[in-house]
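For reference, the structure discussed in these notes is given below.
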Amino acid sequence: MAFFYFLLFLLVVFAIIGAVVYFFTSFTSRIKYFILAGLFLGWLAIFLYTYWQDQKRIYRDKIYYEFIHGKELMCKNPFGKEVRVKKQNFNFVSGTLVFMGKEGTPYEGLVVSIDRCKGE
């Protein structure tokens, strides 16, 4: 998120510079339009990145909700093998967004990323 704010800050600075260049300099129209197009592409990139991150967050929340409510998730472990993640066999670690196998189960020590899971 800090990276997003940094990019937003840079784009605001460049927007101000672009406005000054556009209105108060004697550059040709072609250069002015090139500057405006660059600013527009920057804003578009930030919008798309934010939208993509939001969709990813919504998907993770959905997977977490299903796990908390006892539903079975189909996940791929780091070795590519399908694993059935259930609340009885796994704990969710919110700091790293992974499911970790509980002690005393066949999945003990197995770590599966939430990004590699699908709901029912």
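Each value in this text was obtained by applying a stated rule to the coordinates, not by laboratory testing. Just so it is clear, the model here is predicted, and its values are computed rather than measured. Glycine gets a Cβ as well: all are built from the backbone with ideal geometry, and neighbour counts include every protein chain shown.
Here are some notes:
- Förster radius 22 Å - calculated FRET efficiency between Arg60 and Val111 (Cβ-Cβ, nearest 0.05): 0.85
- Counting only alpha carbon atoms, the long axis of helix 29-68 and the longest principal axis of the chain meet at about 20°.
- With K and R counted +1 and D and E -1, the other residues having a Cβ less than 12 Å from that of Arg84 yield a net charge of +3.
- Principal axis dimensions, the chain - Cα atoms, whole angstrom, descending: 74, 26, 22
- Trypsin sites (Lys or Arg not before Pro) within the stretch 12-79, DSSP loop, no more than 15 other Cβ atoms inside 10 Å: Lys71
- Under the Debye formula (equal points on every Cα, no solvent term), log10 I(q)/I(0) of the stretch 2-59 at q = 0.12, 0.20, 0.24, 0.29 Å⁻¹: -0.37, -0.75, -0.92, -1.12
- Helix 2-24 axis versus longest C-alpha principal axis of the chain: approximately 10°, rounded to the nearest ten.
- Two-site label geometry, Ser26 and Lys118: point separation in nm, points 7 Å out along Cα→Cβ: 6.5 nm
- Inter-part distance where the stretch 41-80 and the stretch 83-120 are each reduced to a Cα centre, Å: 16 Å
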